[in-house]
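K.L.:
I have a structure here, written as structure tokens, and I will follow up with some questions on it.
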Amino acid sequence: MPGESNKGSPALTRAAKTRAMVVGPYLNQRATQPHGRSAVALPEKAFRSPQARFDEVLGLAEALDLDIVDQRLLTLAEIKPSTFLGTGKVAELGEAIKAAEAELVIMDCALSPVQQRNLEKALGAKVIDRTGLILEIFGRRARTREGSLQVELAHLAYQKSRLVRSWTHLERQRGGFGFLGGPGETQIEADRRLLQERMTRLEQDLAGVKRTRGLHRKTRRDVPYPIIALVGYTNAGKSTLFNRLTEADVLAQNMLFATLDPTLRSLTLPHGAKVILSDTVGFISDLPTMLVSAFRATLEEVLEADLILHVRDIAHQDAEAQCQDVESVLAELGIDMADEQRILEVWNKADLLDEEAQAAALNNARRWKNAENQPILVSALTGQGVATLEAEIEARLARGRLLFDITLDPANGEGLHWLHEHTEVMHKSIDEDGTIHVSVRVAPERAEPIKRRFGAMLVEREGLTA
């Protein structure tokens, strides 16, 4: 399995030995109202219970194989500028850390550099926030050179923001030659400059990756294979569904961010049409902006997709809030969320619902706002509803496509080969005298080459399927 290659790595061995405390410091509901000083109110459907948020960060910590020796869910009335937490809670955590002999504290929030530094001093342990935790997971999961470049770039952007002058060891002045920064340059300035130079090189490397991906996409566009992208919240079951549809063996575990690097496979639909299916990195609430930016080259596969399958864990208590998080990231990437023809919701993990809950989910799907774009209820694990999903994918892709009936001479093997390479061959039959009858389907923009090549041998007709 792909995920097993890192099991014995020094990084994971160290992580397994690191004693960690997980802290969920969440504002109480009253503090999150619009008049509150510390937070912006979310739409009601997006509200997450503190326990659900805490369970998620515990899952993130477990994804690093840390030795979690203590976990604390804290309710805050307000956020303190200096340490995020109040003085009393900081003292309480300090005692707990000593008792548990914890070396690492994971805070499920976004800490400013000053807050992080002050907490580390007060608690006597290394402190990382939600962004740092996600970056660490991404760094461990990257398998390809491209993934590693993207993670490193995001990590350096994060580190650069952590370089604050309050760290005295970075304020030493250093001499140097002109090309090394000049006399009197402080260590923090040198470190920031070195980080920026490395980031610039990474951005150049990623620009090369982007060009290569663009060439690959152009090659795929030259072949009439529609692209379908799987997107969704992390651990929604995208990779399991990917494996079910393509009979692949992509790593699929009940673990946050099991998939990081994008995977492409071909898929043959019920009527024989071939498509390219793309499995992408999962999204998560409060996904660091630097990660969205760094992974833009990878996520451009989604931008180019003919159809986007939004896979949702319909059995999760925060399914609606997760949906909103995914839609926010897609909108940030420039995808028109009002284009219902292009986005199909796949309600996964039906196997985790009892009969009553399944019936309710099906009823909700039937009463969807647009009757022609109803969600499909599936279980990627058991295969329930997958045939219905495949039929819906085929129907979606067929909308607006043109059908042609073509008659070929028995000797025109080259023409038949061309049709198989450049169109969707829906049906083929051969007469006794060897005459070949082929029904093909193409996107409107691909129709002209067929008309030019086959001319009088071709009959255009209406309809979506052959």
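Read-outs throughout are calculated quantities, based only on the coordinates presented, and are distinct from any laboratory measurement. This is a predicted model, so every value here is computed, not measured. So basically every Cβ, Gly included, is an ideal-geometry build from the backbone, and we count neighbours across all protein chains shown.
K.L.:
How high is the relative contact order of region 402-461, in percent, counting Cα pairs under 8 Å that sit 6 or more residues apart?
P.N.:
It comes to 49 percent, rounded to a whole number.
K.L.:
Across 10 Å bins from 0, what is the distribution of all Cα-Cα pair distances for region 402-461, in whole percents?
P.N.:
Bin by bin from 0 Å, the calculated values are 24, 63, 13, 1.
K.L.:
Any idea what Rg and Dmax come out to for region 270-407 if you just take the C-alpha atoms, in Å?
P.N.:
Gyration radius and largest Cα-Cα distance of region 270-407: 16.3, 57 Å.
K.L.:
Moving to a separate point now. Report the percentage of all Cα-Cα pairs in region 318-357 whose separation exceeds 13 Å, rounded to a whole percent.
P.N.:
Here the tail beyond 13 Å accounts for 64 percent of pairs.
K.L.:
For region 398-450, which GluC sites (Glu not before Pro) pass both filters: DSSP loop (anything but H, G, I, E, B) and at most 15 other C-beta atoms within 10 Å?
P.N.:
Answer by residue number: 432.
K.L.:
Does a label point 7 Å from the Cα of residue 80, set along Cα-to-beta-carbon, have any residues of region 107-133 with amide nitrogen under 14 Å, and which are they?
P.N.:
115-124
K.L.:
Would you list 26, 225, 233 from fewest to most Cβ contacts within 10 Å?
P.N.:
Fewest to most other Cβ atoms nearby, the residues stand as 225, 26, 233.
K.L.:
Related question: Would you please give the residues with an amide H less than 5 Å from that of residue 18, counting only those at least 5 places away or on a separate chain, with H modeled from the backbone geometry?
P.N.:
Counting only residues 5 or more places away or on other chains, the set is 67.
K.L.:
Evaluate the distance, in nm, between pseudo-label points positioned 7 Å from the Cα of residue 327 and of residue 205 along their respective Cα→Cβ axes.
P.N.:
Going by the 7 Å Cα→Cβ label model, 3.8 nm.
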